[in-house]
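In what follows, a single structure is set out as structure tokens and then discussed.
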Amino acid sequence: MEHRNHALCQLTASLRGQDEEKLRQVLELLFFAYRDFTGEADAVLADFGFGRAHHRAIYFIGRNPNISVSDLLGILKITKQSLSRVLTQLIDEGYVCQETDCTDRRRRLLLLSDKGVALERQLTARQCRRVIGAFETAGVDSVSGFRAILRAIIDPEDRHRVGRREAGPQVSETRRLVG
């Protein structure tokens, strides 16, 4: 019982004055949103015999053409063995191409094949439709706050990896992706 009281005191101290019930509701929102955000993509991936690790690899290779295996490991934070299994399947099935870096022959660079680009666009389009629907429901004024909260949830050392592109896609490209 004393251990339980200590844990409760630690939780209370960690809330920094926030209402525990309201925070738990936010956690539930995150859990359900993540479930539904990934669910549609999971269904498509299952048809290919792929899982979420495949999806994450395809997505980040697409966002970062010619990314090194080492840099991809840093983004995904999975073991070399897990990434090796995923990449082997994606390369063998023609979704990812692998090249040797001409400046450092020990480095392997990854990029999506045309087949990989098509799958990445299909998966991303589904998720974009869900996010656009949420933005439309919540209102355009909520977008910047939502982005700020998500960025703050990310570990500080990884925040530089997210959303720092010079320019986003043109409107016509966005419509093609989700339309």
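Hey, got the dipole for the stretch 23-178? About the Cα centre, +1 on K and R Cβ, -1 on D and E Cβ, debye to the nearest 20? Don't skip to the end; give the middle numbers.
Numbers: 25 positive and 20 negative charges, 45 e Å.
Here the size comes out at about 220 debye.
Remind me, relative contact order of the stretch 23-178 in percent, using alpha carbon pairs under 8 angstrom and six or more residues apart? Please list the in-between numbers first.
Numbers: 112 pairs, mean separation 33.7, N = 156.
It comes to 22 percent, rounded to a whole number.
What residue among 33, 70, 51 has its Cα farthest toward the positive end of the dipole of the stretch 10-82, where the charges are +1 on Lys, Arg and -1 on Asp, Glu, each on the Cβ?
70
Where a number appears in this text, it was derived from the coordinates with a stated rule and is not lab data. Given the structure is predicted, the values throughout are model-derived calculations rather than measurements. FYI the Cβ positions are ideal-geometry reconstructions off the backbone, even for glycines, and counts take in every protein chain you see.
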